[in-house]
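The next block holds one structure in the form of structure tokens; read it before the comments.
The values are calculated or read from the model by the stated rules, or taken from the named source; none is laboratory data. It should be emphasised that the depicted structure is a prediction, and the values quoted were computed from it without experimental measurement. We place every Cβ from the backbone using ideal geometry, glycine too, and count neighbours over all the protein chains shown. Just the protein is used for accessible areas: all its heavy atoms, side chains included, with ligands, DNA and RNA removed. Shrake-Rupley method; radii C 1.70, N 1.55, O 1.52, S 1.80 Å.
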Amino acid sequence: MELFRKEDKMSSLITRNYNLLPVINRFGIRLGFKEKTIAEVCQEKKIDTDFFLAIVNTYTDESYFPEAEFLSFSPVLLIDYLKNTHKYYINYVLPKIERLLNQVLQSCPENCSSLKMINTFYQKYKTELLLHLKLEDEKVFPYIINLYENKTLSAEGSFIEVIENEHTNVEVKLSDLENLIIRHLSPNYEDNAMNEFLTALLQFENDLNDHARIEDHILITQVIEFEKELKK
Amino acid sequence: MKENVFIVHHSEIIRKGLSLILQEYFKMEITQLSSAKDLSSFSAISGSTLILILEAQADLNTKAIDLLKKNNDVYLVGFYGETSEEHFDKIFDYQLNHYSSAIQIQKLIQVIRQSGSKSKNSLQDNGELTTREKDVIKLIALGLSNKEIADKLFISIHTVISHRKNITEKLGIKSISGLTVYAIMNNLLDIQDINPEELI
Ligand SMILES: [Fe+2]
Ligand SMILES: [Fe+2]
């Protein structure tokens, strides 16, 4: 897909890729743009336009790697955005997915033990994901902010590299969950209920992968470089 | 899978004759060699079905054949000078002789093709797990390590790892907890056998 530029209409962003709806909300941007361009809306909301473009383009094109732009602004800005995304997952997406899963469970007439196992597995996945988000919010992000404020390496060492491994583990569980449902679960449920649940789950997977990509490729890469410089 | 036929015989009449008979019915690549020594220069072939029709009483160049076997499905056909079966050598999968009819020669290819597609099916197994793979899943779900599984089933760790790889490929499930859910859903394991708090 073609990348967005600052002179593009803000409305074209959503008509071209509606998955960006929650992304612009995280910046505090809401619908009703009239004919305003991306740059105009960003200015109004006091958002760094380059930063905004780098984020939406990361969601739009998987191979997009905004090195130059991202180095020009502080990772603190990025961390704010990532934290907002975590809140969106915790307060909105996960409760919604859970509600839809409960509807699937309720639609099962009998022999629902397999479906209950799926539910148990989902709970396990959710617990792990929440732990990961918590680790980032409470340990990793404060560590990075501190690093940039004080410009000295912490005596306890860095725990930056731990995250990438965690991302893989969380991603594997979600893909296992999807495969269990799509390939191995006998369909003892109401189809519409399952379709709604599965659609929400798959959409969440996409969003989460993009989110992890921003963390691994942009945030972590940048921090590792910075740590190297401090060591000199 | 790509099919390659080699006809190795010192007699040009026999090489060309066999080749003509085969090409009458099958469109396949046929390489004619006067000596098995020349097989060595084909060792780079991989991922193919190779049918080697070899002069049975000549030197076979087993070294080159073993190399080809590493990366290909190899079928060895012995070509004999007489009808007598006394000479029939165990290393050949099939045999032909001077007096084999065109039908017998062509049938050979069909037999090889069928056995080839059969062995391919058993490899993929329609995604069904083998009994051994089911044993392995059960032990994974019970929380055993690769080493413990190997000891319990009297197989090497290497074999356990290759079972796990096949299982993941067939089911699309990688995590231990995911495999546990699969095992319970398919009655390979009873929910009472595991500690749901801990594992799932
Ligand atoms: Fe995160
Ligand atoms: Fe993360």
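May I ask you to compute the full-extension gain from A:Gln123 to A:Glu178, defined as 0.36 nm times their residue separation minus their alpha-carbon distance, rounded to one decimal in nm? If you can, show how the numbers build up before the last one.
On the way: separation 55, 0.36 × 55 = 19.80 nm, distance 1.37 nm.
This chain segment gains 18.4 nm when fully extended.
Can you give me the Cα centroid spacing of the range B:1-48 and the range A:1-58 in angstrom?
Measuring centre to centre over Cα atoms gives 65 Å.
Angle check, please: helix A:221-231 long axis (alpha carbons) against the longest principal axis of chain A (alpha carbons), in degrees 0 to 90, nearest 10.
Long axis of A:221-231 versus the principal axis of chain A: about 50 degrees.
The range A:10-64: Rg/Rh from Cα coordinates, Kirkwood Rh? Please list the in-between numbers first.
Working: Rg = 10.5 Å, Rh = 11.3 Å.
Rounded to two decimals, Rg/Rh equals 0.92.
Could you compute Rg(Cα) / (2.2 N^0.38 Å) for chain B, with N its residue count? Numbers along the way, then the final one.
Numbers: Rg = 23.6 Å, N = 200, 2.2 N^0.38 = 16.5 Å.
Expressed relative to 2.2 N^0.38 Å, the Cα Rg reads 1.44.
Across 10 Å bins from 0, what is the distribution of all Cα-Cα pair distances for the range B:123-199, in whole percents?
Cα pair-distance distribution for the range B:123-199, in percent: 19, 55, 25, 1.
Averaged per residue, what accessible surface does the protein assembly as shown expose to a 1.4 Å probe, in Å²?
Numbers: 23830 Å² over 432 residues.
I get 55 Å² per residue for the protein assembly as shown.
Can you tell me how the range B:2-117 classifies by the Cα gyration tensor, rounded, prolate or oblate, using a/c under 1.5 as the rounded cut? Don't skip to the end; give the middle numbers.
Values: a/c = 1.38, a/b = 1.15, b/c = 1.20.
Rounded, because the longest to shortest axis ratio a/c is under 1.5.
Any idea how far apart B:Ser145 and A:Asn188 come out in nm if each label point goes 7 Å out from Cα toward Cβ?
Each label point is offset 7 Å from its Cα along the Cβ direction, giving 3.7 nm.
How high is the relative contact order of the range A:74-231, given as a whole-number percent (alpha carbon pairs under 8 Å, six or more residues apart)? Numbers along the way, then the final one.
On the way: 75 pairs, mean separation 67.1, N = 158.
Relative CO of the range A:74-231 lands at 42 percent.
In debye to the nearest 20, how big a dipole does chain A give about its Cα centre with +1 on each Lys and Arg Cβ and -1 on each Asp and Glu Cβ?
Computed charge dipole of chain A: roughly 600 debye.
Determine the gain in length on full extension of the stretch B:Tyr99-B:Arg132; use 0.36 nm per residue of separation and subtract their C-alpha separation, reporting nm with one decimal. All intermediate terms of the calculation are to be shown ahead of the outcome.
Details: separation 33, 0.36 × 33 = 11.88 nm, distance 4.60 nm.
Net length gain for the segment: 7.3 nm.
Determine the dipole magnitude for the range B:123-199: charges of +1 sit on the beta-carbon of Lys and Arg, -1 on that of Asp and Glu, nothing else is charged, the reference point is the Cα centre, and the result goes in debye to the nearest 20. Numbers along the way, then the final one.
Details: 9 positive and 11 negative charges, 58 e Å.
Dipole about the Cα centre, nearest 20: 280 debye.
Please work out the FRET efficiency for the pair A:Leu3 and B:Glu29, using the Cβ-Cβ distance as r and a Förster radius of 45 Å; give the result to the nearest 0.05.
0.40
Taking R0 as 35 Å, what FRET efficiency do you get between A:Asn17 and A:Glu229 from their Cβ-Cβ distance, rounded to the nearest 0.05? Working shown, then result.
Values: r = 36 Å, r/R0 = 1.03.
The value I calculate is 0.45.
How big is chain A along each principal axis, measuring the range of its Cα positions in Å and listing the largest first?
Projected onto its principal axes, the Cα set of chain A covers 63, 52, 27 Å.
Find the sum over both chains of the accessible area lost when B and A are paired, probe 1.4 Å, and report it in Å² to the nearest 100. Each step should come with its number before you reach the end.
Details: alone 12230 and 12910 Å², together 23830 Å².
Counting both chains, the buried surface is close to 1300 Å².
At 7 Å along the Cα-to-beta-carbon direction for both B:Ser43 and A:Thr199, put a label point, then send me their distance in nm to one decimal.
5.9 nm
Using a 10 Å cut-off on Cβ to Cβ distances, tally the other chain neighbours for every residue of A:178-188 and report the average as a whole number. Kindly include the intermediate steps, with their values, before the conclusion.
On the way: counts 1, 6, 8, 0, 1, 6, 8, 3, 1, 0, 0.
Counting Cβ atoms of other protein chains within 10 Å of each residue's Cβ and averaging gives 3.
Scan chain A and report its longest stretch carrying no chymotrypsin sites (Phe, Trp or Tyr not before Pro) that are both in a DSSP loop and have at most 14 other Cβ atoms within 10 Å. Walk me through the numbers before you get to the answer.
Working: sites that count: A:Phe73, A:Phe159.
That would be A:74-158.
Lysines near A:Lys124 by alpha-carbon distance under 16 Å, same-chain residues fewer than 8 away left out - which ones?
Counting by Cα, and skipping residues close in sequence, A:Lys124 has these lysines nearby: A:Lys116, A:Lys134, A:Lys173, B:Lys174.
Which of the lysines could be linked to B:Lys69 by a straight reach, that is with a Cα gap under 20 Å, when you skip same-chain ones fewer than 8 residues away?
Straight-line reach from B:Lys69, under 20 Å: B:Lys2, B:Lys37, B:Lys90, B:Lys118, B:Lys120.
Normalised by the number of residues in chain B, what is the relative contact order in percent for Cα pairs under 8 Å and 6+ residues apart? Mind showing how you got there, number by number?
Numbers: 236 pairs, mean separation 28.1, N = 200.
Normalised by residue count, the contact order of chain B is 14 percent.
If I model a spin label as a point 7 Å beyond the Cα along the Cα-Cβ vector, how far apart are those points for B:Asp66 and A:Thr152 in nm?
6.6 nm
Pop out the Kirkwood hydrodynamic radius of the protein assembly as shown from its pairwise C-alpha distances, inverse of mean 1/r, in Å to one decimal.
27.5 Å
For A:Arg30 and A:Leu131 in the same chain, what is the full-extension length gain: residue separation times 0.36 nm, less their Cα-Cα distance, in nm? Present the calculation step by step, with values, prior to reporting the outcome.
Details: separation 101, 0.36 × 101 = 36.36 nm, distance 3.04 nm.
Residue separation times 0.36 nm, minus the Cα-Cα distance, leaves 33.3 nm.
Go ahead and set up a Gaussian network model of chain A, Cα springs under 10 Å, then flag whichever of A:Ile38, A:Ile160, A:Ile182 fluctuates most.
A:Ile182
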